[in-house]
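Below is one structure, written out as structure tokens; comments come after it.
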Amino acid sequence: MKNLVVLFFIFFYSIQTQAQGDHSIYIELGGAALSYSLNYDMRFEKKDDAGFGARIGIGRTDDLILIPLHLNYLHGSGKHRLELGLGITTLFGNQSDTDRNRIYPIASGTLMYRYQNTAEHLIFRVGFSPTFVPTSPNSFIDVSRVFWVWPGISAGYIL
């Protein structure tokens, strides 16, 4: 897990541009990765840090590694934004009865209040991640519900 986190930082630090506020790193509790995750967010447009962007993260729960990958849109101006996003959280883990590695994608969304202060390099997010889990007879995860809304809170640093 430590090696994945180091590679995560090296990869995203290497693509950082000079535009302030276009990139951020934050820790999320709950949300799209279900337990906790380290995330990198970047904006595609350079208009006051709003508009379309993407995020990728890495998290862990029990025997699973989770990687949320979302496209998102920031609406608003100044320090207060509404973040809307859609994507996939991919679960990597072992199937308990066969001990084989499995990959399992789940659809997830983002509905967050986002506070970002580029002058102080702070980002704070709070909201919900609606999640849809397609079930199948050969899935390696045991879910009691196919759809749920997962709360999330994030804090981080704007690069």
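The values are calculated or read from the model by the stated rules, or taken from the named source; none is laboratory data. In this text the structure is predicted, and so the values were computed from the model without any measurement. Cβ atoms come from the backbone with ideal geometry, glycine included; neighbour counts cover every protein chain shown.
If you take the residues in region 30-64 that are of a type in the set (F, W, Y) and modelled with pLDDT of 90 or more, which one is nearest to W150 (Cα to Cα)?
First, the residues of region 30-64 that are of a type in the set (F, W, Y): 36, 40, 44, 52.
If we keep only those that are modelled with pLDDT of 90 or more too, we end up with 36, 40, 52.
Details: Y36: 12, Y40: 20, F52: 23 Å.
Here the answer is Y36.
Working only within region 100-120, note down all residues that are assigned to a strand (DSSP E or B), of a type in the set (A, V, I, L, M, F, W, C) and more than 12 Å from T131 (Cβ to Cβ). Break it down stepwise before answering.
So the first thing to find is which residues in region 100-120 are assigned to a strand (DSSP E or B), and the list is 101-117.
After this cut, where a residue has to be of a type in the set (A, V, I, L, M, F, W, C) as well, the list is 103, 106-107, 111-112.
Matches in region 100-120: I103, M112.
Condition first: among the β-branched types (V, I, T), modelled with pLDDT of 75 or more and closer than 14 Å to G156 by Cβ. Can you find one or more residues in region 65-86 that meet it? So that I can check it myself, show each step before the final result.
Looking only at region 65-86, we keep the residues that are among the β-branched types (V, I, T), and these are 65, 67.
Of the ones still in play, those that are also modelled with pLDDT of 75 or more are 65, 67.
Checking the rest, the ones that are also closer than 14 Å to G156 by Cβ come to none.
For region 65-86, residues among the β-branched types (V, I, T), modelled with pLDDT of 75 or more and closer than 14 Å to G156 by Cβ: absent.
Mind listing just one residue for me: the one in region 144-159 that is part of a loop (DSSP other than H, G, I, E, B) and more than 17 Å from I88 (Cα to Cα) and, of those, modelled with the lowest pLDDT? Reasoning before the result, please.
Restricting attention to region 144-159, the residues satisfying the condition of being part of a loop (DSSP other than H, G, I, E, B) are 144-146, 159.
Checking which are more than 17 Å from I88 (Cα to Cα) leaves us with 144-145, 159.
Numbers: S144: 57, R145: 61, L159: 85.
That would be S144.
Considering region 42-90 alone, what residues qualify as being touching a residue at least 40 places away in the same chain (Cβ under 8 Å) and either closer than 16 Å to H121 by Cα or of a type in the set (S, T, Y) (or both)?
If the condition is that a residue be touching a residue at least 40 places away in the same chain (Cβ under 8 Å) and either closer than 16 Å to H121 by Cα or of a type in the set (S, T, Y) (or both), then D49, T89 are the ones that fit.
Considering only region 6-29, how many residues are modelled with pLDDT under 85 and either in contact with a helix residue (DSSP H, G or I) (Cβ under 8 Å, 6 or more places away or on another chain) or among the acidic types (D, E) (or both)? So that I can check it myself, show each step before the final result.
First pass over region 6-29, keeping only residues modelled with pLDDT under 85: 6-22.
Subsequent filtering for residues that are either in contact with a helix residue (DSSP H, G or I) (Cβ under 8 Å, 6 or more places away or on another chain) or among the acidic types (D, E) (or both) retains 22.
Qualifying residue count for the region: 1.
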